[in-house]
Each structure stands twice: as C-alpha cells, then as structure tokens.
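Report on the following structure.
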Amino acid sequence: MVDILYSLIDFICIFILQVILYRVKIHPFFKGNTKIKDKAFIRFITITTFFCLSDAFWGSMASHQFAVKVETFKTLTLITYTLLALAPYQWFFYVQIYSGNYSRKNKILNFVYLIPFFVNFILLLVNIWNPILYRIERNLVIYPGPHRILILLIPVLYYAFTVIQLVVLAIETEDKELKHNYLILSLYTITIIAFTLLEYFLNDGPFAALGFMISAFAVYIFNTSREKEKLLIHSHEAENLLKLETNELVLSTVANQFIILLVFNMKGGAPSKIKGTELYENSINQISDPRMIFPEMLKRFVTPEYLEEMLIFANKSSVAQRLEGSNAISKDFLSKDEGWCRAMWFRLKDDDDGKLESAIFGVRVIDKDKKREVEYQEKLKRALKNQNEIFGEMLRMQSNGMLATDMQNEILMINETAAKIFGFSTPENVTSIDDIFLKTESENKDEIRSKLHKIKMNGGKYAFQFSVTDINGNPIHYIAESKLTHLSNGSKVILTSFADITKNKKMEQDLVILSETDALTGINNRGSGERKIEYLLSTGKTGMFGILDADKFKSINDNYGHVVGDRVIIRIAESLRKTFRDRDIIMRLGGDEFAVFAVGITEEKDAKLCIQRFFESIDDIQIPEMGEKKISVSLGVVLCTEIETKSFDDYYQMADRAMYVSKKYDGNHFEFCKNIEE
C-alpha cells in the first residue's frame, strides 16, 4: 500500500510539473523568449518530470503490482539515480545563468561543472558489476551498499555550492532587487536539499519528486510575479507620461494664441516663462531684481495712456482677490509695437485650503478686431446724427450682428448677421425681443433682463455673454454690448452689438479643465470642488455632504506599492462617479480622502439608499495584485438642511468628525453626524 501511494504522489508531481511546463511555454512573459535562462528552467522541469515518471514506475515495480524481470528493475533504478544526479546539475546551471556567471565561450569551466555528474554516472555504471552503492535481489528488494552515501553526496554538492554562491552574491550586490532575488533562490535550493535528504534517509517516500515540484512551482510564480510588477510599473510610468503630454499639449495649443504667457507662483519669485517676446527676454537680461522684471517689461510694452491701469491689472498681489469666484479676467490696452492687445489672468492651481497658489498671465494681439470695433464705433457715432443713417450704417456692418430696440423692447432694426445668429433666415422673421431671448442659452437670463432695464432708465452700457446652438447641435458663444443712445429727433434706442468668441471660450475652457481637475482621478480637485459646493449652498441648494477615505491605505502602499495604491484611489473615484449624478459634486481632497455633495438628498432614508449603492460598488472593486483582499471605506455624513445658519466649513467639520467615528468599525461603514452629536 505504501509503494502504491509512493507512485501516486509521483504521478501528482508529474501532472503539476507538466502544467507548469505548459504555462511557461504559452505564458506571454515566456512565449517566444529566447533567453538562455528560460531555456535552462524549461530543461530543469523536463528532467524532473522524467525523474518523477521513472520514480513512479520504480515504486509500482517495487510494490509487485505487475511482474517484471529483475534486469528491467535494475535498469529503471539506474535511470532513476542518473536523473536524480542530472537534476541538481541543471538547477546549478540555471542559477549560474541567472546570476550572470555563465559564459558560452568558457567551455573549459562549463566542462568542469559537469565533472561531478560524470563521476556520479561512472559510479552507477561500476555498481552494475560491483554493488558498492546498492544491490537488488531477485525479489526486487533494494539494499544499500557500503558506499551508498556517494549517491547523495554529489547532488548535495551541487546544491550546497549553489546556496553558497547565491548568499555571497546577495552580500556583495548593492542592488536591493537583485539581493532579494538571490536570497529567494537560495531558499528554494535549501528546500530541495531538505527533500533530497529525506529521500535518502526515508526510502519509503517520493521526497525528491516533491522537492523538485515545489521548487519549480515557486520559481515559476516568482518569475511571473516579478515580470507583472515591472509591467505595472512601466504602465504607471506611461500613464503619468500621457498625463504630462496631455497637459503640455493643452498649454501648447493655448500658447499659440498668445505672444506672452507666464506662470506666477503667488508665494513669490520670478515668473516661469511658457512663451515670451524678445522684449521680455531683454528685461530678464537687464534687470537684476526679479520683482522688477515684469513691471519693467510692461513699461516698455504698454503705451503711456494705458500704463497705469495695466500696472494695476498686472499686479499679482491682488490677483487672488480679483479671481475669486472666477477663472479668468481680462483687460484691453494699446501696446507700443503690436497695437491693441488683451491681457488675461487665468486661475491655474489652488492649494489645499482653496486659496490661489499659481496663475497664468497672458497677452494676445487683438489689433485687427479692436480696430474694426473702434472704426465701427466711430462710424456709429457719426451716424447717430440721423436715424436713417444709423439704420443704413448698421445694415452695412456685416462683420458683427447689430440690433436696435426702443424703450418698449420693440425691435426697430436687426441686420442679417444678427438674425442668423439667432437662427432666423432673414431679419423680417424676427418680430419680438422675446424671440431672441428664447434662442439664447445663459444661466443669468433674469440678470441680463434686469441690467438692460436699468440701462433704459439710467443710461450707460452693459456687456454680457450668451450662447446659441447651431444646426449641428454645437454651442456658439457670443459677447454682446448694449448701450443707450439718444437720436437727433430726441428718441432713445438700445443699440446692441454681437461678436463671436467661440474660439476664446474654448481656450478658456481648456485652461479651466487643466486647473480644476485632479490629474490622477479626473474628478474635481479640492479647490474647484469646494468652490462649487459653496456656490450651491449660497443659492439655497440643500443636500447630503460626506467625507470618506480608504481604510488602512498606508498598509496597501507598504505591502503592494504605490502603483497599486494609485489604482485603489482611481477605482474609488470611479465608484463615486457610478453612484452619484452629474449634478452632484465629487472631489478628491488629497491622498486617499474624497468628498461628495449630493444635491436634494435631505432625508436619512434616501441618504442610506445612496450610500448602500456606493458601498456595493466599492465591494465590486477587484485589484488583481491584492488577491482576495477587499477595499473598504469609512464615511462621515451630514445632511445640509440648515444652510441659513451653517456654512460649508461647519458642514465639513461635522462630516469629518463623523468619518473618524466611522473608522472605528471594520469594513464599509458610515455614520451620520447627527447621531454622533445626540
């Protein structure tokens, strides 16, 4: 019975070794690989497979399961012991290649490596006539000879030398990855030694076969896992490079429309140049004080009549205040060399407290458009002397849309360009100012109507922006300027001009996306997310606010690396996107911490249903490198219903306290701040 079990274990080892051999040959990390170390590993598996096969038949014969001649049994025993000696040599050969000590050109040394195996084989041949190692009786019982230990000595010699060499290499190398690899291989070799010794001292067990199978399996898993780790690292580096190239592409596209583009750090220091004129380069070379480079460049660039207001506009100390609640501001001025220009400040990045950390200052030439506008204004001014001249001049000015309305909002005149802007084929099809307002798309229509009414009462002018949808469904953005004008006959009219700013709007949107989006997850960063939530609260929107972070995130980074940590953060962000609606605000606060504001959810039962959907999405996350380990989050929730008496900061602190209470529990868990306070 023992011998049958012996053979059965051998056949199990053969099956596992064949599976490993098949996986090695088809695995993408090995398939088509001509590296000599991989070929050596395949030969090791092949030899050990033949050993297990021979050992299995040897066990079956020894158990007398079928009748065989004693010569057949002796031949099989010789083959088994030969393979038992050949396998250690092949393992030794594999380690030599892996450690870089093998050279095809050094044929003498490679022959020396084979001498112990040849000695072992010669001893086995001598044993046929002089049983110094073992002898076999006719009843197929094997008895040890006086020098049987020599069968063990030579294989162990290969293994021992391999272990010593790997330990020495691990001590000498300064490369942490190589040191780790050498120590792992030495442990595998010690495992084979242990099983070989058990084979020698306990004749009734297939321990050598088990040792070969375990080591081959461990090396395969080790090699493939290391290759996967490298692949993930390269993938992560490629993703970061793609993000960098994308940001550079956006800046490059924007830079083509500017003659000057500078990045300012609000904490101080000279600006970083993305694009600059020769005048700016000369200012850098001639001015020693970094603080004076920018003002000096403006003095040389801007005409005297616009210099004072441009110095005020370009003063970075007040930019944060002027950009508050906005992503861009602009100012037109006249330059000495380029004619009319437009200076602009763009919000680039906020710090963790939501304060402006860096901004872009740009100057673009608008001389052609501005001259046309000035020329038009001059012509219009002259035409105001006579009402008929006004209408004739407006009809001739086809570059911009023009509209004239009386004090009762009745349309006096609209030119063909303006009619086409609002989707009418001819000016005659436009009958009422309401026809135009129905076509426009703007978040502040009521404010625009109110401002236009004030112009009628008090005079002055008012500029505003809106968009319309063309026949293809694409938005076209316009800027309009309305002004109260007195005609020569004493009548009053509101004159409005329309100019297409779609290209400018697209450029501003690119910069906004760059400054408001978290680079890793693609959701709102902290600054933009908080501004949006504060705006919703200020407009009377109620809802559910929550703060969450990943449980034991530091251990994930420590155990699996930052590449896996980044994947966890990305998958949590994806779960937030799936759970919440487009109108809800989700943002990454930093690290593994996120926040969400779900508009309109003010009842605990609705909040619990929403949170449960989110937790189900978190449970579905699978990170291959983490195996069966699940990701869980801790969530603190507060219902924002007292918006008249509480600010965003109040709700933030309440949700933060609830989150830290939630972290006391294992798995996905949430706590309402209300329950904590009670």
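Some points to look at:
- Hits in the range 460-502 (condition: β-branched (Val, Ile, Thr) and open to solvent by 50 Å² or more (accessible area, probe 1.4 Å)): 469, 471, 479
- Residue pairs meeting the criteria (Cβ under 7 Å; at least 6 apart or on separate chains; first closer than 16 Å to residue 404 by Cα, in the range 432-451; second of a type outside the set (Ser, Thr, Tyr) and open to solvent by 40 Å² or more (accessible area, probe 1.4 Å)): 433/409; 437/445
- Residue in the range 501-515 that is closer than 30 Å to residue 646 by Cβ and aliphatic (A, V, I, L, M) present: yes
- Restricting attention to the range 257-278, the residues that are at pLDDT below 70 and farther than 19 Å from residue 315 by Cα add up to 2.
- As a summary of the residue check, residue 629 satisfies the conditions (1) in a helix (DSSP H, G or I); (2) more than 25 Å from residue 651 (Cα to Cα) except for the one numbered (1).
- Residue 578 being more than 20 Å from the chain's Cα centre (by Cα) and farther than 23 Å from residue 527 by Cβ: no
- Some residue of the range 503-511 being open to solvent by 40 Å² or more (accessible area, probe 1.4 Å), assigned to a strand (DSSP E or B) and in contact with a strand residue (DSSP E or B) (Cβ under 8 Å, 6 or more places away or on another chain): no
- Check on residue 441, touching a Ser or Thr at 6+ places or on another chain (Cβ under 9 Å), modelled with pLDDT under 80 and either at negative phi or surrounded by 12 or more Cβ atoms within 10 Å (Cβ to Cβ) (or both): yes
- Note on the range 48-91: among residues that are modelled with pLDDT of 70 or more and assigned to a loop (DSSP other than H, G, I, E, B), the one that is least open to solvent (accessible area, probe 1.4 Å) is 68.
- Selection within the range 348-387 - open to solvent by less than 100 Å² (accessible area, probe 1.4 Å), modelled with pLDDT of 80 or more and farther than 30 Å from residue 530 by Cβ: 363, 364, 365, 366, 367, 369, 370
- Residue match in the range 423-435 (condition: under 30 Å from residue 330 (Cα atoms), over 44 Å from the mean Cα position of the chain (by Cα) and not in a strand (DSSP E or B)): yes
- Test: residue in the range 644-653 that is open to solvent by 80 Å² or more (accessible area, probe 1.4 Å) and touching a residue at least 12 places away in the same chain (Cβ under 8 Å): no
- For the range 154-183, a residue qualifies if it is hydrophobic (A, V, I, L, M, F, W, C) and at pLDDT below 75, and the qualifying residues are 154, 178.
- Per-region count, the range 472-493, residues without any contact (Cβ under 8 Å) to a residue 24 or more places away in the chain and not in a strand (DSSP E or B): 4
- Residue match in the range 165-188 (condition: part of a helix (DSSP H, G or I) and over 24 Å from residue 93 (Cα atoms)): no
The values are calculated or read from the model by the stated rules, or taken from the named source; none is laboratory data. Worth saying up front: this structure is predicted, and the values here are computed from it rather than measured. Virtual Cβ from ideal backbone geometry, glycine too; neighbours counted across all protein chains shown. Each accessible area value is taken on the protein alone, full model and side chains, heavy atoms only, with ligands, DNA and RNA left out. Shrake-Rupley method; radii C 1.70, N 1.55, O 1.52, S 1.80 Å.
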